[in-house]
Every structure is written in C-alpha cells, then in structure tokens.
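Note sheet for the following structure.
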C-alpha cells in the first residue's frame, strides 16, 4: 500500500515531469474518455502510438509500467474472459453449454484488453511523474470553479495533503503493532478467513486510537501556528500552466479528433 | 526588567475534573530563559496552553506583551508566541520540510515571494535547508523538531515555549535542540519558557519555577532550587546529576560548601581539589 501511494513517484526532469499537475490530471481524464470512443484497430493504434510517445517523453523505464499492470492482472483476465465467452454474434468457433467463442467476441476481447492497458498506462504515467502533493494541488486547481457554489475546495485540498502526509506514519505504527502482536503469538498470515478477520481486530483498535491521538495533537499544533480557517490562506506552492501543457493538449486534442475520424 | 508574560490569579479546570489551578500567579521576564518543572499532571503543559490561548481560562487574566489573552486578541497573541510540542510527528503539517515551514506563513496570508525568502532563511537558520524536499517519514525526531523550530523562527515571535520539546529525543538530539534554541534566543533577543522533566535542561535556565498539583511551590535561580534536594525529592523530581555527585562526595567525606554547581564549575572545583592535594 505504501508502495502503491508513495514508492511510485520517480523524480525526474522530463517533459512530462515538468508539466503542471492540473493539466496532467485533466489530460488523463480526457484520454480515458477518448479511449471509450475507439472501436476499431486504426483508432486503437492511434491511441497506442500516442501513449508510447508519452512514455518515451516521461523518461521512465518500461519496467515500471509493467509493474503497474501486475496488481490488475486478474481483473483484466476476468473481464476479457467474460467478454470472450459471453458476447454473441459472429461465427461460432467453439460452444459448450452457455459458453461460446465467436470471431467477434475474440476481437472484442482483444479490444477490451488494449483498453485496459491504455488506461493503466496513462494513470501510471501520471503517478510516476507527479508527487502525491502535486496531485493534491492539481485537484485543488481543477476544482477551483466549485468555490463559486461555496464548495470548500481549499479545505478539501488541505485535508488531502494532511491525509497523504500521515499515510507513512500510520504505516509505521501498523508495522509496530503487528510486530507487538506477533511477538505475543498472534498469527496474521494463516487460518480461515474468519480467523484472519478476528486477528485484525486487535490490530485496528490501537491503530485507530493512535490516529485519533495524532489528529488531536495535530489540531492543537495547527492552531498554535495561527491556523483558523482554511479558505483564507496564501499558497506556498503554485503550479503554473506552461507552454509544454499547451503543446501537449494540442497533440492530445488532435489525436482525439483522429480517433473520432477513424472509428467505425 | 519588563514582564513579558503576566499570569494573574488564574483558576482553571478541565471538564468534570477538580480545579487544576487555584489562584495561580506567575511572571515571565522579557529575555529570560524560564524553566517550568514539575511532575506529570502538575499542570505545566496546561499553563503553556492557557498562555497561548489553546485552552480557555475560567478565571483570572493572562497578559502577553500588553495583550490580554482572549478571543479578540488570540491571533495577535499567537503571533508573539511560538510553541514546540512534545511529539515531533504530531506538529508536522506540511507534506515536505519546506511546506511545513510555510504552513504558519500561509495561515497569515504572507505573499508568496516573501514566503519563499523567509522559508529559505529559516531553514538555513536551523541547518535544514538541504533537507527541504524530504517528507517527514524520512527525518529523525531531532530533525523534525528542527523543522518545527524553523517554522517558528519564520514567524519571528518574541516568545518560544518548549512544551517538553526534547523529551522524545535521544540525549544527543536533546542537547542539539537546546543549543539551537539558545542560539536563536540570543540572536533574536527572545524569551524562552521551557517546560521540562529533564532537570539538566532546567539547570541551564536563568530562572526555575517549580509547580506541583497546580501550585507554584518555588521560584528562583537554578543554583538555589537544586540546592534544596529535599524539596525536589518531596515532589518526586530527581536532583540534577551534579547535585547527586556532590551528595555522593559528601558521603565520602569530601565537603563542598555549596549544594549545587553546574557541571563546569563542579569540574573546576574538582580540578582545584585534586591539584591542592
């Protein structure tokens, strides 16, 4: 989990690293939407070429992207298998009870597979080249218009950054509690599911007590440092929209148009 | 000398608990290093919180540099006081060292350009500038306390309150932080209140106030306070190492006419004793 959130960011100074987080965030959303418009080989190929260029520009080894896929392998296999076995239409190649494989379902399965891959790739590029803090700041910038309807955007961003900041602290504490319980003979790794859930209870109680203590002390410390309300603060960090962002958006919009043109 | 903090006849209790302070008064002189000592639960930390307006006073008055501590003045009072708390982990708000130092400045809506200047100079002041990109998980307790001090220096307060700020550090880290605060105190002409269990830390103060069960038992220079070993024992505090050494020497028949000396003077005295023989 800590790897999932923190070990992922790889420091660097590439084109993608230098882009502003709000722009990367929006661009990733946009790309995912475009993926769902693609429906034939040509349109998928266009997107694949684009993502390959993005990966090259990020300066990050392809191995890290493959690692990003690993935790999702079963989800991908399951979804692709469902698609292949249950979709109808086309010439039937194989049939057994309710299951059938047709030439069309094979093609659809292949497309779903590519779709998954593309979504994982773009989100991996985002998390590998952007610090969690920058992502929180990006969210704040993206949500800024909601301030007009009195949505507490800055409070949300501060909460997000404090939550991120405390993840490693709580991880450490969980490790300590785990070891303390293990040294008393608690077995977390084996036994039935019921047994394992029961073993987790003495883990969670001290973890929550600790978290509440942290929260209380932290709020006192924040108050002592003059914090009163999160909507009226200046900002230390700012991520400006750059030429690189504009250029990237133009390329992505162009490819988006191309996908609409190429699709059936 | 001017009293920068005046605590006048205060009474306070936490909800559903007996009175912790009953008519307590205390003055802190401008520019001094005042140590507040006492056992757990004696009310030392609560007093610090009352001074900073983190707890609300029931009766009496606290005046910080001419300002009454009340709802109206609370932010101005907090501009004058910087507090360092016990747990290094629980006062680190920012995601990185830099962001944490900036937190207090952001609260005061300082202009960004100026903020970057102040953060840089504050971090250089505590020798943590090279660590500015680090996340708190990759810092030691002592380094986190340094960052906390940088966060305070950035706001240029007049008073620093150390609320057991060194109690979770190892001896070297403790000495390190105390030296740093001493340095900053001298440079910026600050007043320091240090709330501590550590008698050796208190021995370095200009003045010591002993608190027990919410009452001020004694206040004097460290030499006098630590000479009174009986009183210290009565309220459950250890005598400083040097006092213990003097007492041990006395048992061996080596008599010193004083009951307390700081380590430097004690070393000088022992050297003299040895060379005279």
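The values are calculated or read from the model by the stated rules, or taken from the named source; none is laboratory data. Remember, it's a predicted structure, so these values are computed and weren't measured experimentally. Methodologically, a virtual Cβ is constructed for each residue, glycine included, from the backbone with ideal geometry; neighbour enumeration extends over all protein chains shown.
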Could you tell me whether residue A:182 is farther than 26 Å from residue B:162 by Cα, assigned to a helix (DSSP H, G or I) and at pLDDT 85 or above?
yes
Exactly one of (1) at the interface with another protein chain (Cβ under 9 Å from one of its Cβ atoms); (2) loosely packed, with under 14 Cβ neighbours inside 10 Å; (3) at pLDDT below 90 is unmet by residue A:147. Its number?
(1)
I'm trying to understand the selection: among the residues of region A:28-85, which are within 20 Å of the chain's Cα centre (by Cα), surrounded by 14 or more Cβ atoms within 10 Å (Cβ to Cβ), at negative phi and part of a loop (DSSP other than H, G, I, E, B)?
A:60
Which one of the conditions (1) surrounded by fewer than 12 Cβ atoms within 10 Å (Cβ to Cβ); (2) in contact (Cβ under 8 Å) with a residue 60 or more places away in the chain; (3) within 14 Å of chain B (Cβ to nearest Cβ) does residue A:230 fail to meet, given that it meets all the rest?
(1)
One residue is enough: does region A:242-250 have a residue meeting the conditions in contact with a strand residue (DSSP E or B) (Cβ under 9 Å, 6 or more places away or on another chain) and either part of a loop (DSSP other than H, G, I, E, B) or facing chain B (nearest Cβ under 9 Å) (or both)?
no
Checking the condition free of Cβ contacts under 8 Å to residues at least 40 places away in the same chain, within 12 Å of another protein chain (Cβ to nearest Cβ), surrounded by 18 or more Cβ atoms within 10 Å (Cβ to Cβ) and touching a strand residue (DSSP E or B) at 6+ places or on another chain (Cβ under 6 Å), which residue from B:84, B:77 passes?
B:77
Out of B:37, B:63, report the one residue that is more than 14 Å from every other protein chain (Cβ to nearest Cβ) and within 14 Å of the chain's Cα centre (by Cα).
B:37
Scanning for something under 19 Å from residue B:96 (Cβ atoms) and at pLDDT 85 or above, does region A:193-213 turn up at least one residue?
no
What's the total number of residues in region A:126-144 that are over 19 Å from residue A:65 (Cα atoms) and away from every other protein chain (no Cβ under 14 Å)?
4
Looking at region B:97-126, which of the residues that are touching a residue at least 40 places away in the same chain (Cβ under 8 Å) and surrounded by fewer than 22 Cβ atoms within 10 Å (Cβ to Cβ) is nearest to the other protein chains (Cβ to nearest Cβ)?
B:108
Looking only at region B:153-162, decide whether some residue is more than 14 Å from chain A (Cβ to nearest Cβ), in contact with a helix residue (DSSP H, G or I) (Cβ under 6 Å, 6 or more places away or on another chain), over 29 Å from residue B:237 (Cα atoms) and crowded, with 16+ Cβ neighbours inside 10 Å.
yes
Odd one out for residue A:190, checked against (1) within 12 Å of chain B (Cβ to nearest Cβ); (2) part of a loop (DSSP other than H, G, I, E, B); (3) without any contact (Cβ under 8 Å) to a residue 24 or more places away in the chain
(1)
Kindly establish whether residue B:94 is at the interface with chain A (Cβ under 10 Å from one of its Cβ atoms) and over 21 Å from the mean Cα position of the chain (by Cα).
yes
Count, please, the residues in region B:105-135 that happen to be out of contact with any helix residue (DSSP H, G or I) (no Cβ under 7 Å at 6 or more places or on another chain) and outside any loop (DSSP other than H, G, I, E, B).
10
